[in-house]
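**Student:** Input: one structure, supplied below.
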């Protein structure tokens, strides 16, 4: 393949990945709970690890914990959890 075709293919793949990543956030929002009532992020990471996940990163997004990693089925995931209950929150489509 020529360099130009490879370059265009790489751009198309990057654009598709960006769209998927942008879609992953969707419209996710956790109910507001006082920060004093939030469980520690490390506790969520430990719980998920015990369930077979490989957690790469946990951060806060729209009052939720956002987790990046590999789930127990080996799939790459971006998942959201309520910081007070650790219930999984699904983005609205």
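**Student:** Looking only at the range 79-90, decide whether some residue is part of a loop (DSSP other than H, G, I, E, B), out of contact with any helix residue (DSSP H, G or I) (no Cβ under 9 Å at 6 or more places or on another chain) and modelled with pLDDT under 95. Write out each step before concluding.
**Tutor:** To start, the set of residues in the range 79-90 that are part of a loop (DSSP other than H, G, I, E, B) comprises 82-87, 90.
Subsequent filtering for residues that are out of contact with any helix residue (DSSP H, G or I) (no Cβ under 9 Å at 6 or more places or on another chain) retains 82, 85, 87, 90.
Checking which are modelled with pLDDT under 95 leaves us with 90.
Within the range 79-90 (the criterion being part of a loop (DSSP other than H, G, I, E, B), out of contact with any helix residue (DSSP H, G or I) (no Cβ under 9 Å at 6 or more places or on another chain) and modelled with pLDDT under 95), the answer is yes, since at least one residue qualifies.
**Student:** Which condition number does residue 1 fail, the rest of (1) assigned to a loop (DSSP other than H, G, I, E, B); (2) surrounded by 11 or more Cβ atoms within 10 Å (Cβ to Cβ); (3) at pLDDT below 65 being met?
**Tutor:** Only one criterion is unmet by residue 1, namely (2).
Every residue, every condition in (1) modelled with pLDDT of 95 or more; (2) surrounded by 13 or more Cβ atoms within 10 Å (Cβ to Cβ); (3) over 13 Å from the mean Cα position of the chain (by Cα), yes or no:
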| position | (1), (2), (3) |
| --- | --- |
| 11 | no, no, yes |
| 18 | no, no, yes |
| 41 | yes, yes, yes |
| 50 | yes, no, yes |
| 53 | yes, yes, no |
| 59 | yes, no, no |
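**Student:** How many residues does the range 50-81 contain that are out of contact with any strand residue (DSSP E or B) (no Cβ under 6 Å at 6 or more places or on another chain) and either in contact (Cβ under 8 Å) with a residue 40 or more places away in the chain or at positive phi (or both)?
**Tutor:** Selection size over the range 50-81: 4.
The values are calculated or read from the model by the stated rules, or taken from the named source; none is laboratory data. It should be emphasised that the depicted structure is a prediction, and the values quoted were computed from it without experimental measurement. Glycine gets a Cβ as well: all are built from the backbone with ideal geometry, and neighbour counts include every protein chain shown.
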